[in-house]
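One structure is given here, and the rest of the page talks about it.
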Amino acid sequence: MDLLKNPFYILTASPRDDRGQIKELADERSLQLNSDECMKAYLDLTNPRKRLSAEVAWLPGIGPKLAGELMLLLDSSSTDLRAVDKLTPMARANLLAAGLARSPHRNADDVAKWILAIAGVFEDFDPEALRVIINEERVVSGFQTVSDLSAVEAEIQERRKYYRQVIKLALDKLSQKDRVKAVTVAVESATDHGEKHGPILIADLVDSYEVEAQGFFDTEEGNLKALVEKVRAAVDAKQPDSILAPMVNQLIQVVKDWDTVAQPIQVSTKSRGLDHDASLRIFGLVRGLAVHMVNEHDKIDFSQQLTKMLQEVFAEVGKIAERTAEDANTLGEIAERRKLSRLLDPISDLCKAALENAEKHPAFADYEARKVMNAAAQLIANLSAANPGSEILSQGKDEIALTLMRCAIVYGNKTEKWKPCIAFLEEALKYASSQDVKSRIEKNLNTVRNNDWLYRNRTPMASAPSPNTTKELSLKWTLGIIGVMVVVVLMVVISAAITGGQDTRKSSPVTLSPTQDTRKASPATLSPTQNSRSTLGIEIDNAKVRAKQMEAQLDDMDAQRKNIRAPLDDMDAQLKNMDAQLADMDGRLNDYEGRMKAYRAAGNTDEYNKLVDLFNSLLEKRRDLAKQYNSLSARASDLFKEYSSLVDKRNNLYKEYSSLIDEINSKVRQYNATR
């Protein structure tokens with residue numbers, strides 16, 4: 001009910017007028033206004049229930065004179081009503097609602113001020129205080145007082161509906177842009193940008209606003225889904241950034257437009273400790289695209305652009321604000337790592353080219369390794385000068401080290417020329433930074449050194465007229481001096497184990513055997529001393545039984561040890577013989593190489609070719625013998641492990657046996673002493 005349609009205003013009556021005065025005023029006003037309207041106003045003011053509605057919708061607690069002045073001000077200058085104070089909350093709220101309905105100003109900020117004023121006063125409503133004011137006036141007017149507080153509360157709720165209606169009508173008179181702005185300003189101001197609970201009328205306003213905007217949200221959400229899919233498809237199709245950039249910018253603008261309408265809802269839900277569901281869905285769509293762009297296509301710039309936008313437009317949504325902050329930090333770290341990684345590009349380019357060429361032409365991998373070695377020092381110096389941090393510097397060094405290692409492996413496997421590979425791997429070890437890379441290089445370096453010892457850097461020789469070429473043999477097995485060293489060490493350890501395992505069992509005690517019955521005849525009743533001697537004899541007998549069992553076990557272990565030792569000695573002899581044969585073959589090969597070099601220098605092709613055949617045949621035999629040597633060495637190693645384990649068990653048992661013999665001797669001496 002509007003103030004200017006209130007029965008008190010129609011009849012120019014006051015809540016303090018009695019029935020008679022109201023009747024007279026109705027008769028007078030019927031001469032000026034519609035008589036039916038005046039009669040209805042009279043009936044409303046004289047009916048207790050309807051009168052309460054009129055009283056609550058009027059100016060409770062305001063005297064007739066001030067009420068008249070306020071009505072004149074409402075008619076003449078409604079904008080000044082916001083400055084009127086010292087009124088009861090209900091009177092002020094009714095006056096402000098009437099003023100908003102008649103305000104000539106139609107801009108967003110002005111409407112927002114009216115809304116905030118009404119919402120703020122409504123928070124001060126006190127049903128009991130209002131009932132007291134109404135009853136005071138009813139006592140003066142002679143009408144029955146209001147005893148039911150719920151009736152007053154119900155009328156307050158009716159006023160709440162009326163205020164919402166007035167606010168909505170005021171907003172409807174604005175353009176769509178100003179309407180959104182007015183609601184946003186009102187909500188942000190009332191809730192301190194979502195940091196505190198707002199007035200109930202502000203919550204009502206947002207609920208009504210959201211219902212009206214739902215159609216817009218649904219339509220735009222569909223449009224956003226389509227636009228996100230369009231951008232995703234373009235990214236997957238490897239479209240250039242020049243095509244993607246305007247599409248991403250369009251998406252950002254659409255999200256911002258959507259957020260402009262959703263802003264008051266987001267702020268209101270934040271003030272209530274909630275999150276806006278529609279905002280979460282839009283955020284999920286756009287964030288999913290940003291994640292896809294960086295994870296699948298390394299489009300970090302676009303991903304950062306979208307994330308920054310999400311941070312700005314969804315700052316009022318708690319869950320989104322937290323997630324976008326995490327995303328922004330992660331993307332920042334990725335961008336920083338990428339920036340630092342670019343410092344590695346010169347090293348990466350060099351190493352990539354070297355590896356590609358080495359794989360294509362393995363026989364020339366040594367050339368690629370030398371190129372890397374020649375450039376590595378300067379590249380590392382340049383990288384270090386850029387202060388990239390220890391992690392990036394380590395990556396650069398490791399990349400160089402791994403490239404040199406790979407070139408060495410490729411070249412060695414192809415040519416079987418191991419000495420250059422040793423140099424490459426030793427250089428790689430200088431650059432290796434991480435322990436894992438160092439371990440890998442050291443392992444390969446040991447293998448290459450073993451190969452160099454085994455083959456002496458020899459390859460099969462080709463016949464003249466091109467005696468300096470080599471056949472491409474794919475012999476990529478590895479064998480080394482470790483075999484000889486292992487066997488030597490094994491033999492030394494075996495000898496030590498055998499010496500330490502000699503049967504040094506103590507001989508039986510020379511003292512009286514406890515089993516011999518030399519004790520004097522005893523009386524029928526044994527004395528305590530005699531009883532002790534009998535018990536000690538039993539203990540000695542039991543101990544001797546255990547000692548004999550241990551002796552049998554030791555004898556069995558000695559037999560097993562001899563059975564294992566025999567083949568070990570045989571393997572040792574075979575390995576020594578093979579080693580001598582290998583040394584002899586190396587001498588003959590060296591002789592062949594020297595003679596072939598001389599024949600080639602002298603141009604004696606026939607003699608050179610004869611030696612080539614002998615050289616290649618002997619080299620093949622040496623390789624076969626080396627394989628046998630390695631196989632036998634491995635078997636010897638396994639057998640020695642078995643032998644060593646048996647020796648350890650025997651030694652442990654012998655310690656127990658010796659301890660038991662000592663115990664028996666001690667008890668025998670004790671027994672003899674008590675005879």
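Okay, here's what the table says:
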{"read-out": "Where a residue in the range 182-195 is among the hydroxyl-bearing types (Ser, Thr, Tyr) and its partner, wherever it lies, is open to solvent by less than 40 Å² (accessible area, probe 1.4 Å) and in a loop (DSSP other than H, G, I, E, B), with Cβ under 6 Å and at least six apart", "value": "191/198"}
{"read-out": "Candidates 103, 141, filtered to the one that is open to solvent by less than 10 Å² (accessible area, probe 1.4 Å), at pLDDT below 90 and either hydroxyl-bearing (Ser, Thr, Tyr) or in contact with a strand residue (DSSP E or B) (Cβ under 7 Å, 6 or more places away or on another chain) (or both)", "value": "103"}
{"read-out": "Any hit, the range 275-288, residues being open to solvent by 60 Å² or more (accessible area, probe 1.4 Å) and touching a residue at least 60 places away in the same chain (Cβ under 8 Å)", "value": "yes"}
{"read-out": "Matching residues in the range 598-622 - criterion: being among the basic types (Lys, Arg) and modelled with pLDDT of 85 or more", "value": "621, 622"}
{"read-out": "The listed residue being modelled with pLDDT of 85 or more, surrounded by fewer than 19 Cβ atoms within 10 Å (Cβ to Cβ) and on the phi < 0 side of the Ramachandran plot, out of 303, 384, 341", "value": "384"}
{"read-out": "Looking only at the range 580-611, and only at residues there that are of a type in the set (D, E, K, R) and either within 60 Å of the chain's Cα centre (by Cα) or within 19 Å of residue 452 (Cα to Cα) (or both), the one that is most open to solvent (accessible area, probe 1.4 Å)", "value": "588"}
{"read-out": "The range 612-665, subset basic (Lys, Arg) and open to solvent by 30 Å² or more (accessible area, probe 1.4 Å), residue nearest to residue 550 (Cα to Cα)", "value": "655"}
{"read-out": "Residue within the range 201-212 that is surrounded by fewer than 17 Cβ atoms within 10 Å (Cβ to Cβ), touching a residue at least 24 places away in the same chain (Cβ under 8 Å), in contact with a helix residue (DSSP H, G or I) (Cβ under 9 Å, 6 or more places away or on another chain) and farther than 18 Å from residue 300 by Cβ present", "value": "yes"}
{"read-out": "Subset of the range 29-46 (residues that are in a loop (DSSP other than H, G, I, E, B) and exposed (fewer than 13 other Cβ atoms within 10 Å of the Cβ))", "value": "31, 32, 34"}
{"read-out": "Verdict on residue 312 being outside any loop (DSSP other than H, G, I, E, B), farther than 20 Å from residue 245 by Cβ, out of contact with any strand residue (DSSP E or B) (no Cβ under 6 Å at 6 or more places or on another chain) and of a type in the set (Asp, Glu)", "value": "no"}
{"read-out": "Out of 146, 132, 139, sole residue that is more than 60 Å from the chain's Cα centre (by Cα) and part of a loop (DSSP other than H, G, I, E, B)", "value": "146"}
{"read-out": "Given (1) outside any helix (DSSP H, G or I); (2) of a type in the set (Asp, Glu); (3) closer than 30 Å to residue 109 by Cα, number of the condition residue 17 does not satisfy", "value": "(3)"}
{"read-out": "Search result, residues across the range 87-113 that are outside any helix (DSSP H, G or I), over 56 Å from the mean Cα position of the chain (by Cα) and of a type outside the set (Val, Ile, Thr)", "value": "87, 103, 104"}
{"read-out": "Total residues in the range 192-215, condition in contact with a Phe, Trp or Tyr (Cβ under 7 Å, 6 or more places away or on another chain) and farther than 16 Å from residue 165 by Cβ", "value": "1"}
{"read-out": "Tally, over the range 269-281, of residues that are in contact with a Phe, Trp or Tyr (Cβ under 9 Å, 6 or more places away or on another chain) and either more than 28 Å from residue 201 (Cβ to Cβ) or not hydrophobic (A, V, I, L, M, F, W, C) (or both)", "value": "2"}
{"read-out": "Enumeration of residues in the range 302-311 that are in contact (Cβ under 8 Å) with a residue 40 or more places away in the chain and of a type outside the set (A, V, I, L, M)", "value": "302, 305"}
{"read-out": "Only listed residue being within 25 Å of residue 622 (Cα to Cα), part of a helix (DSSP H, G or I), at pLDDT 85 or above and open to solvent by less than 60 Å² (accessible area, probe 1.4 Å), chosen from 543, 559, 547, 573", "value": "573"}
{"read-out": "Meets criteria (among the β-branched types (Val, Ile, Thr), free of Cβ contacts under 8 Å to residues at least 12 places away in the same chain and either outside any helix (DSSP H, G or I) or open to solvent by 30 Å² or more (accessible area, probe 1.4 Å) (or both)) for residue 260", "value": "no"}
{"read-out": "Hits in the range 387-414 (condition: touching a Pro at 6+ places or on another chain (Cβ under 8 Å) and surrounded by fewer than 21 Cβ atoms within 10 Å (Cβ to Cβ))", "value": "413, 414"}
{"read-out": "Odd one out for residue 366, checked against (1) in contact (Cβ under 8 Å) with a residue 24 or more places away in the chain; (2) of a type in the set (D, E, K, R); (3) open to solvent by 50 Å² or more (accessible area, probe 1.4 Å)", "value": "(3)"}
{"read-out": "Scope the range 10-20; condition open to solvent by 70 Å² or more (accessible area, probe 1.4 Å) and in contact (Cβ under 8 Å) with a residue 60 or more places away in the chain; matching residues", "value": "16, 19"}
{"read-out": "Subset of the range 213-244 (residues that are of a type in the set (Gly, Ala, Ser), in a helix (DSSP H, G or I) and free of Cβ contacts under 8 Å to residues at least 40 places away in the same chain)", "value": "215, 222, 226, 233, 234, 242"}
{"read-out": "Contacts under 9 angstrom Cβ, first residue in the range 140-162 being under 18 Å from residue 57 (Cβ atoms) and in contact (Cβ under 8 Å) with a residue 60 or more places away in the chain, partner part of a loop (DSSP other than H, G, I, E, B) and open to solvent by 50 Å² or more (accessible area, probe 1.4 Å), 6 or more apart", "value": "141/16; 141/18; 143/18; 158/1; 159/1; 162/1"}
{"read-out": "Positions within the range 295-314 being hydrophobic (A, V, I, L, M, F, W, C), within 22 Å of the chain's Cα centre (by Cα) and over 12 Å from residue 251 (Cα atoms), in sequence order", "value": "300"}
{"read-out": "The range 344-363, residues that are open to solvent by less than 30 Å² (accessible area, probe 1.4 Å) and in a helix (DSSP H, G or I)", "value": "347, 351, 354, 358"}
{"read-out": "Residues satisfying the stated conditions in the range 289-300, i.e. surrounded by 16 or more Cβ atoms within 10 Å (Cβ to Cβ) and assigned to a loop (DSSP other than H, G, I, E, B)", "value": "299"}
{"read-out": "Tally, over the range 429-464, of residues that are at pLDDT 90 or above and either open to solvent by 50 Å² or more (accessible area, probe 1.4 Å) or of a type in the set (Gly, Ala, Ser) (or both)", "value": "13"}
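The values are calculated or read from the model by the stated rules, or taken from the named source; none is laboratory data. It should be emphasised that the depicted structure is a prediction, and the values quoted were computed from it without experimental measurement. Reconstructed Cβ throughout: ideal geometry from the backbone, glycine too, with neighbour counts over all protein chains shown. Note: areas computed on protein heavy atoms with side chains; ligands, DNA, RNA excluded. Shrake-Rupley method; radii C 1.70, N 1.55, O 1.52, S 1.80 Å.
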